[in-house]
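Scroll down for the structure; my scribbles are underneath it.
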Amino acid sequence: MCSSDLVRGLFLAPDFPRDPRIMTGLYGGGVGWTADGGRTWDGADEGLLGVYNYDIAASADFGTDSTVFWAGGSPDPPAISRDAGRTWETLEIGFDIAVAVGTEPGAAYVFGSAGDADAIPDGRMLRSRDDGETWEAFPALEETVGEAYPGSAHTFALDGQEWLLVGTDAPAGLFGSNDDGATWSVLHLGGGEDSLSGYGVWDGRRLLFASVVEGLLASDDGGETWTSLDIPMEHPRALAQADDGTLILAGGDGQIYASADGGDTWRPLGDPIAPAVAVIRPAPDYAELGIVLLGTSQGVWWSDDHGEHWHLLSRFERFSVSGYMLTCTGMCTPEDPLGGDVARRWVLAPGDVVSFTFQGDAFDMVGTADKAVLRAVVDGAEVSFEDLRAGGLESAWHDVEIQVVSGVATIDAVEVRGDGEPLTIPTSGHDSDPDSADSADSADSADSSDSAPADSTDSAEDPVRRRHREPPCGCGHGGSAAVLLLVAGLSRRRRRT
């Protein structure tokens, strides 16, 4: 079956854990976020032209401006959100395809291609120094990179100079500029269809470059010469560097390793995990907190003891109507169409059936069901929506049909949950908002206590969830977790303009 919980885009709030938000890019549902370590989740795709995520990145000022950047599936131009992912708008900056986005203090980057929707990435990178208001191009980089796929950029201090480094795929390469992008040098360029695993600068003096084919290379002379380092794997898949200098490396066998000496020696971190690792995200203050997240082909994994033990984060997947995980038979009238047969939502009449397959133990429909009666059939047997929301299913793969018996309903998405463990948000030693200290517990109780009963004149229970779309976390540091309301008969979500 298709892995619908593939996570390639992932970040923790830059001020984590005082700002406890974690956001993931979803495979077919836009983005998801949690402010309580995965106990509760919310998600959205409103304003996105596509819902399959390649990459997401938070502004360095995310705690105050809630700005997020998006790169998704082709053809899908980059997008920006000013409200922490609840709504999005296309960045009109000349891109038809965005393959990656990135941020660092004082800058945001977008990578992709200008031209028609079938174009491949062409070495194009834009940078914004004002959180997406204005953008600048790097024509010299486009000339130097050629047809490689730029996908990341970071500023490093190397041998006493500030360097802007850009990594590429196909071929995997590393390009650098020490004059803020006016001119560029080829620091390393591999061959063939090699994929970039990561790069960095250790201790201000050692350049590191990792790719699937070449392994891990190091240069102690600014990229003039490179040495292949001895690593405990043949094909590294992802490399990241924590803020204390620790290198974290993942291989194809699921084993994670760490190095404290710039890659000369490595030690295994815990037992291997089953899924393939796509991205590694150490939390800020890694030396003290020991928190690191892994985006994988099977959701997000986490550790809070420097990788000694790994845990699957409580699963959250979202299947949007504008994706390909949901099938609708019958009239299924498109509403707010995006072009062709793609729509923001479906209007469902009696006899219409929405079907999908998911792995987990619970799900909700997001939309409206004013005076509608719906019937849920899971693996051939009718199941009540109350049981479905409560996690009444076995945590396994399930085939689902949602049938409209009477009335009219709309559906925006299906949100599913599965097994896993929430990450405990640390508070000791950090300037947390005292009002949010018990946010995880209050969010859990809000899920049940704030649920409005269904109108008894409509049906025995409300089969469709309407979320109260407040910000997922209060602005500034800390803030309470998003409260999820199960409310019957609310007005429809504001449409995209």
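The values are calculated or read from the model by the stated rules, or taken from the named source; none is laboratory data. All of these numbers come straight from a predicted model, not from anything done at the bench. Cβ coordinates were reconstructed from backbone atoms using ideal geometry, including for glycine residues, and neighbour counts include every protein chain displayed. Protein only, heavy atoms only, side chains kept; ligands, DNA and RNA dropped before computing areas. Shrake-Rupley method; radii C 1.70, N 1.55, O 1.52, S 1.80 Å.
Specify whether the C-alpha gyration tensor of segment 174-272 places it in the rounded, prolate or oblate class, a ≥ b ≥ c being the square roots of the eigenvalues: rounded for a/c under 1.5, otherwise prolate if a/b is larger than b/c and oblate if not.
Details: a/c = 2.09, a/b = 1.50, b/c = 1.40.
Cα axes put segment 174-272 in the prolate bin.
Which whole-Hz ³J(HN,Hα) couplings does segment 351-360 yield from phi under the Karplus relation 6.51 cos²θ - 1.76 cosθ + 1.60, θ = phi - 60°, glycine and proline marked x?
So the Karplus estimates, Gly and Pro as x, are x, 6, 9, 9, 10, 6, 10, 8, 10, x Hz.
Can you list residues from other chains, or at least 5 along the same chain, whose modelled amide H is less than 5 Å from the amide H of residue 21?
13
List the residues whose amide H sits under 5 Å from the amide H of residue 205, counting only those 5 or more places along or on another chain, with H placed 1.01 Å from N in the peptide plane.
Residues meeting the amide H criterion: 159.
Compute, for residue 154, the solvent-accessible surface of its heavy atoms (probe 1.4 Å) with the complete set of protein chains present, and express it in square angstrom to the nearest 10.
70
Heavy atoms only, probe 1.4 angstrom, no DNA, RNA or ligands counted: give me 347, 378 ranked by accessible area, highest first.
Numbers: 347 35, 378 10 Å².
Order by accessible area, largest first: 347, 378.
So, counting K/R as plus one and D/E as minus one, what does the shell of residues with Cβ under 12 Å around residue 194 add up to? Walk me through the numbers before you get to the answer.
Details: positive: none; negative: 169, 193, 214.
Residues close to residue 194 contribute a combined charge of -3.
Keeping all protein chains in position, work out how much accessible area residue 309 exposes to a 1.4 Å probe, and write it in Å² to the nearest 10.
Taking all protein chains as shown, residue 309 has close to 110 Å².
Working with all protein chains in place, sort 125, 325 by solvent-accessible area computed with a 1.4 Å probe, largest first.
Correct descending sequence by accessible area is 325, 125.
Can you tell me how segment 45-196 classifies by the Cα gyration tensor, rounded, prolate or oblate, using a/c under 1.5 as the rounded cut?
Working: a/c = 2.00, a/b = 1.29, b/c = 1.55.
Taking the square roots of the gyration eigenvalues as a ≥ b ≥ c, segment 45-196 is oblate.
Rounded, prolate or oblate: pick one for segment 272-391, where a ≥ b ≥ c are the square roots of the eigenvalues of its C-alpha gyration tensor, a/c under 1.5 means rounded, and failing that, prolate if a/b is larger than b/c, else oblate. It would help to have the intermediate numbers written out before the result.
Values: a/c = 2.97, a/b = 2.10, b/c = 1.41.
Here segment 272-391 falls in the prolate category.
At 1.4 Å probe size, what's the solvent-accessible area of residue 329? Round to the nearest 10 Å².
In the full protein context, residue 329 sits at about 80 Å².
Given H placed 1.01 Å from N in the peptide plane, which residues other than close sequence neighbours of residue 333 have an amide H under 5 Å from its amide H?
Sorted by chain and number, the residues that satisfy this are 347, 349.
Convert each backbone phi in segment 47-64 into a coupling constant with the Karplus relation 6.51 cos²θ - 1.76 cosθ + 1.60 (shift: θ = phi - 60°), then list the ³J(HN,Hα) values in order as whole Hz, x for Gly and Pro.
So the J values, rounded to whole Hz, are x, 6, 7, x, 10, 9, 8, 9, 6, 9, 8, 8, 4, 4, 9, 3, x, 10.
Per residue of segment 300-312, what does 6.51 cos²θ - 1.76 cosθ + 1.60 with θ = phi - 60° give for ³J(HN,Hα)? Whole Hz please, x for Gly and Pro, Karplus curve as stated.
Rounded to whole hertz, the list is 9, 10, 9, 9, 10, 9, 6, x, 5, 9, 10, 9, 6.
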